Amino acid sequence: MNQDLFLYNSIGGQKVKFEPINPPFVGMYVCGPTVYSDVHLGNCRTFLTFDLLYRYLTHLGYKVRYVRNITDAGHLENDADAGEDKIAKKARLEELEPMEIVQRYTVGFRHVMGLFNMLPPSIEPTATGHIVEQIEMVKKIMEKGLAYEVNGSVYFDVIKYQEQFKNYGELSGRKIDELIAGAGAEKRTLEGQDEKRNPVDFAIWKKASPYHIMRWVSPWGEGFPGWHLECSAMSTKYLGEEFDIHGGGMDLKFPHHEAEIAQNNACCNHGGPRIWLHSNMLTVNGKRMGKSEGNAFLPEELFAGSHPLLTKGYSPMTVRFFMLQAHYRSTLDFSNEALHAAEKGFKRITDAVNLLASLKSGVASDFNWKQWESEVYAAMNDDLNSPVAIAHLFEAAKRINSISEGKESVSKEDLERIQYFIPVFLQDVLGIRNENMAAGNEENTVDGLMQLIINLRNEARFRKDFQTSDIIRDSLKEVGIQLKDGKEGTGWEKTTS
Ligand code: AMP
Ligand code: ZN
């Protein structure tokens, strides 16, 4: 692959050439869920963006360490420095242990990720599993004189930090003067704010009140870490003080990611990631989908079609396809009509892919398939432009149908190319799983498996790895399946024994 990958860095606000610090290794950190309730479709969109990036980087040959945390402590109500811990509150309401809440929603989260065919991250660290690292980080920041203790809580000194580093607000585009004014107004309404030297400061360690259940011993008494700290501590631990990519939803830019950068610099003189990637919001009638907005859909409601906004259910892969048809930096509005259109489009592509294995080659056509393939890569290299890549797939589907109907021809070389590339791109990069196979229909399953095996063999032959392609043919023969290689492609039949 001789094209460069460009990604949009939220710091600086432009597309930059992706150059890993230590190729072929890539370190990527993504803020994971706060496991106090069911994951909604908006959350899924953000995780899908980074699943796509993970898959694409891996496809390009990078060895990616993908770290996505689980927030199981420290995230207070309204993302603020005061109020109840979201998990502890849910535990209180349901009369359960906080760790029962964490377990329930972590299991649910992983289940939903699996339904959408999202790959598990390489490491999935939890905030509660890294209290020691967080305490160490607080100590380091205090040693640098950029945090101070008041009454068992430790606050990050934003003003002092800004004097030294002059970059607070750079990611989110906020002006420190305006932040100070804004935080000053909030001060009157939020308890505990009077401990801060300046209202813009944020807690990196909080003293636990007597009724706060989730608490740990620290040099400053019993308490718990500030929400922003866990991501600084865990990204540093697993990816180093400087790493390649940090991702999350757009709504996390401030205060969460701005605070992370400040903590990283204060502790280690590095801001952490070189590239900040932010995924835009899934909206409903133009409004961000969110738990607090009351317009959140559960994936199950979507699959079952049980939500009042839906006329029917949609399969997980249709929903995945629907989301991939929007660029990750654009908002995406959820509606029954949009999903319906996505379902039709998705079927057009999967139907064409199902025809691939049975296509017959002939004379070369005018259509340049090699160029077509490089345009798919060009789209992905242009800041993961999946909608453009999918538009190219629609073009391919149209031509596959024409070839199948004998209206258009394709050379043997081009046919082998697309028989290899299209399924690989769809499955490995876009993460689209063949749902016919998943449905458990035996005939479909056998057809699907045979198509998969033939595609793998085509891939081997394309690479001139004839040893592997012969092993596949001979092994199939042993179980009573005869592959038939013709000029026009490969078919199969059961042999009578
Ligand atoms: P939370 O569990 O609330 O911390 O959110 C987990 C992730 O989902 C974060 O990266 C959020 O930015 C993201 N997120 C929340 N709501 C939406 C939405 N409506 N669209 C896209 N991403 C979202
Ligand atoms: Zn985070």
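Tabulated values for the structure
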| quantity | calculated |
| --- | --- |
| Built amide H within the under 5 Å cut-off of Ala80, gap 5+ | none |
| Which of Asp81, Asp177 is most accessible, then next, and so on - probe 1.4 Å | Asp177, Asp81 |
| Segment Val479-Gln3, length gained on full extension (0.36 nm per residue, minus Cα span) | 167.1 nm |
| Calculated from backbone phi, Karplus (6.51, -1.76, 1.60) coupling profile of the range 404-411 in Hz, x at Gly/Pro | 4, 7, x, 8, 9, 10, 9, 6 |
| The range 79-196 - Debye-derived log10 I(q)/I(0), Cα point model, q = 0.23 Å⁻¹ | -1.28 |
| Once the Cα gyration tensor of the range 251-334 is diagonalised, semi-axes √(5λ) in Å | 34, 14, 11 |
| Where labels lie 7 Å past Cα in the beta-carbon direction, separation of Glu95 and Glu241 in nm | 5.2 nm |
| Rounded accessible area per residue of the chain, 1.4 Å, Å² | 45 Å² |
| Contour excess over end-to-end distance, with Cα ends at Thr495 and Lys140 and 0.36 nm allotted per residue | 120.7 nm |
| Accessible-area value, Asp157, 1.4 Å probe, nucleic acids and ligands omitted, Å² | 10 Å² |
| Kirkwood-Stokes translational diffusion coefficient of the range 6-279, alpha-carbon pairs, 4 °C, 1.567 mPa s, µm²/s | 68 µm²/s |
| Nearest-0.05 FRET efficiency for Lys398 and Glu293, computed from C-beta distance (R0 35 Å) | 0.30 |
| Amide H contacts of Val150 (H built 1.01 Å from N, under 5 Å, at least 5 apart or other chain) | Tyr155 |
| Accessible-area composition of the range 341-494, carbon plus sulfur, in percent [1.4 Å probe] | 50 percent |
| Phe462-Ala304 FRET efficiency (beta carbon distance; Förster radius 60 Å; 0.05 resolution) | 0.90 |
| Residue-level accessible surface for Arg92, protein heavy atoms, 1.4 Å, Å² | 130 Å² |
| Long-range HN-HN contacts of Ile481 with modeled amide H, under 5 Å | Thr495 |
| Using alpha carbons only: equivalent-ellipsoid semi-axes of the chain, gyration tensor based, whole Å | 49, 24, 21 |
| Packing-based ranking, highest mean first, of 405-417, 459-471 given that Cβ atoms within 10 Å are counted | 405-417, 459-471 |
| Per-residue ³J(HN,Hα) for the range 4-21, Karplus 6.51 cos²θ - 1.76 cosθ + 1.60, θ = phi - 60°, Hz, x for Gly and Pro | 8, 8, 10, 10, 7, 8, 4, 8, x, x, 8, 6, 10, 5, 7, 10, x, 4 |
| Mean Cα-pair separation over length for the chain, i.e. relative contact order, pairs under 8 Å, 6 or more apart, % | 16 percent |
| FRET efficiency estimate (nearest 0.05) - Cβ-Cβ, Gln162 to Ser411, R0 51 angstrom | 0.20 |
| The range 1-105: GluC sites (Glu not before Pro) falling in loop per DSSP and having at most 13 other Cβ within 10 Å | Glu95 |
| Carbon + sulfur, % of accessible area of the range 6-279 - ligands and nucleic acids excluded, 1.4 Å | 50 percent |
| Proportion of all alpha-carbon pairs of the range 341-494 beyond 22 Å (%) | 43 percent |
| Antiparallel DSSP beta bridges within the chain, as percent of all bridges there, nearest 5 | 55 percent |
| Two-decimal Rg to Rh for the range 205-291 - Kirkwood Rh, Cα set | 1.07 |
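The values are calculated or read from the model by the stated rules, or taken from the named source; none is laboratory data. Fair warning: this is a prediction, and the values are worked out from it, not measured in the lab. Counting neighbours? That spans all protein chains shown, and the Cβs are built from the backbone with ideal geometry, glycine included. Side chains included, ligands, DNA and RNA excluded: accessible areas come from the protein's heavy atoms. Shrake-Rupley method; radii C 1.70, N 1.55, O 1.52, S 1.80 Å.
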